[in-house]
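See below for the structure under consideration.
The values are calculated or read from the model by the stated rules, or taken from the named source; none is laboratory data. Please read these numbers as outputs of a predicted model, since none were measured by experiment. Note: ideal-geometry Cβ built from the backbone for every residue, glycine included; neighbour counts use all protein chains shown. The accessibility values were calculated without ligands, DNA or RNA, using every heavy atom of the protein model including side chains. Shrake-Rupley method; radii C 1.70, N 1.55, O 1.52, S 1.80 Å.
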Amino acid sequence: MIDPVQIEHFTLGEGKKPFLIAELSANHDRDLDLALRLVDIAADAGWDCVKFQTYNADSLTVPSSHPSMRIDPVWGTDNLYDLYNNAGMPMEFHAPLFERARDRGLVPFTSIYDPRDMEFVESLGCAVYKIASFEMTFDDLLIEVAATGKPIIMSTGMANLGEVDHAMEVLDKHNAGPVVLLHCVSSYPAPIEEVNLASMATLRARFQRHVGFSDHTIGPDAALLASAMGAVAIEKHFTDDMARPGPDHRFSATPDILREIRDGVDRMQVARGTATKDTAEAEAGNRAAFRRSAFALRDLKAGEVLTWSDYRFVRPNAGVPVSDKPALINRKLARDVTQYDPITYDDLAPR
């Protein structure tokens, strides 16, 4: 049994409803009013928290024109530094966005990319830290985050098990707080045929940590399936309009998809139930009525000793049940039984 993880007033763990993380990413478009509206959208859709990303271009790279900096123009530019310069959320946005999130009942937190930003993020009262897939091999960052002792949510996109092993060794060695691993496919968007949600069970078994899913697919299906498979957290990029020109809008969930995931997760949680296997209340009537029991094939007289040709086990469950066949073997009748009536325990003479 893996201990539950507490993040403010939410408990993550087995049997708990998945923690829904609305990822604002670069969809703020460096417009604070838009970013505030997006926080409201996450709250109105019934999600549990909103996650930001704390970086600037210099947190992640250098202003180089080297050929290795070239990227697909689908990101809005063909240079990596320019991408991060355009997509980074201004530092002055953080405080008002954290405040709006808390006013709307959401847990605000952030992905941190550079140890140099730790003091700033700590000043915001961040209750949990996110380690992005691309940063899980950056030991210096892992060590810095571990030192806070706060819960960590770490995505594992692109990683093999050896890399996850190493990251967990670093975090454990430096006395990190509880870690939740997110299975992730770091493709934008991620093809549904490559999502491989079954690997969540591999992560859970190997690392004895709770496991969730960071979803980069289009639509709600993968998130809902992950919920049904036991994900303790679901992370999803979101926007108000996929047609906006920013780099992340094209693969982000719209408000209707957020609501569909939220409603679906609630249904999945109800359907998952508990590990107890017993007769459900809704099926108790059918259990009582429609399992097989003994019915007479002819008129039977008191004092007769039953043989196998005197009865059949048929529906409904009105006589001696088929699960108790030995009760009828060489059994004398205490009273008459009419053809096609059930043979009950009361019809049987004591042995």
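Every residue, every condition in (1) closer than 20 Å to Leu197 by Cα; (2) in a helix (DSSP H, G or I); (3) of a type in the set (Phe, Trp, Tyr), yes or no:
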residue: Glu235; (1), (2), (3): yes, no, no
residue: Asp240; (1), (2), (3): no, no, no
residue: Gly246; (1), (2), (3): no, no, no
residue: Asp256; (1), (2), (3): no, yes, no
residue: Gly264; (1), (2), (3): yes, yes, no
residue: Arg267; (1), (2), (3): yes, yes, no
residue: Thr276; (1), (2), (3): no, no, no
residue: Thr279; (1), (2), (3): no, no, no
residue: Glu283; (1), (2), (3): no, yes, no
Handout entry: Selection status of Ala167, over 15 Å from the mean Cα position of the chain (by Cα), surrounded by 15 or more Cβ atoms within 10 Å (Cβ to Cβ), on the phi < 0 side of the Ramachandran plot and hydrophobic (A, V, I, L, M, F, W, C)
Key = yes
Handout entry: Residues that are polar (S, T, N, Q), in contact with a Phe, Trp or Tyr (Cβ under 8 Å, 6 or more places away or on another chain) and surrounded by fewer than 20 Cβ atoms within 10 Å (Cβ to Cβ), drawn from the range 54-87
Key = Asn56, Ser59, Thr61, Ser64
Handout entry: Residues (farther than 24 Å from Leu258 by Cα and either free of Cβ contacts under 8 Å to residues at least 12 places away in the same chain or open to solvent by less than 10 Å² (accessible area, probe 1.4 Å) (or both)) located in the range 204-225
Key = Ala205
Problem - Criterion (more than 22 Å from Ala289 (Cβ to Cβ) and among the acidic types (Asp, Glu)) met by exactly one of Asp336, Asp341 - result: Asp336
Handout entry: Check on Gly246, touching a Leu at 6+ places or on another chain (Cβ under 7 Å) and not aliphatic (A, V, I, L, M)
Key = no
Exercise for the section: Kindly indicate the residue of the range 228-245 that is touching a residue at least 40 places away in the same chain (Cβ under 8 Å) and either surrounded by fewer than 15 Cβ atoms within 10 Å (Cβ to Cβ) or of a type in the set (S, T, N, Q) (or both) and also nearest to Val270 (Cα to Cα) among those meeting that condition. Expected result: Thr239
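Let's see how each residue does on (1) over 28 Å from the mean Cα position of the chain (by Cα); (2) farther than 15 Å from Leu124 by Cα; (3) of a type outside the set (Val, Ile, Thr):
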site	(1), (2), (3)
Gly46	no, yes, yes
Val62	yes, yes, no
His66	yes, yes, yes
Asn86	yes, yes, yes
Phe93	yes, no, yes
Arg102	no, no, yes
Problem - Test result for Glu260, open to solvent by 20 Å² or more (accessible area, probe 1.4 Å) and not hydrophobic (A, V, I, L, M, F, W, C) - result: yes
Fill in the blank from the handout: Reported set for the range 134-161 where residues are within 19 Å of Ser59 (Cβ to Cβ), open to solvent by 10 Å² or more (accessible area, probe 1.4 Å) and touching a strand residue (DSSP E or B) at 6+ places or on another chain (Cβ under 9 Å) is Phe134, Glu135, Phe138, Glu144, Thr148
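Condition check ((1) touching a residue at least 40 places away in the same chain (Cβ under 8 Å); (2) open to solvent by 50 Å² or more (accessible area, probe 1.4 Å); (3) out of contact with any Lys or Arg (no Cβ under 8 Å at 6 or more places or on another chain)) across all residues:
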residue: Phe295; (1), (2), (3): yes, no, no
residue: Arg298; (1), (2), (3): yes, yes, yes
residue: Lys301; (1), (2), (3): no, yes, yes
residue: Val305; (1), (2), (3): no, yes, no
residue: Ser309; (1), (2), (3): no, yes, yes
residue: Arg315; (1), (2), (3): no, yes, no
residue: Val320; (1), (2), (3): no, no, yes
residue: Ala327; (1), (2), (3): no, no, yes
Problem - Matching strands (runs of 3 or more DSSP E) fully within the range 86-195 where at least 2 residues are more than 16 Å from Cys49 (Cβ to Cβ) - result: 179-184
Practice task
Pull up the range 337-351, narrow it to residues that are under 53 Å from the mean Cα position of the chain (by Cα) and among the charged types (D, E, K, R), then point me to the one that is nearest to Ser309 (Cα to Cα).
Solution key: Asp341
Problem - Unmet requirement for Ala288, which otherwise passes all of (1) surrounded by 11 or more Cβ atoms within 10 Å (Cβ to Cβ); (2) in a loop (DSSP other than H, G, I, E, B) - result: (2)
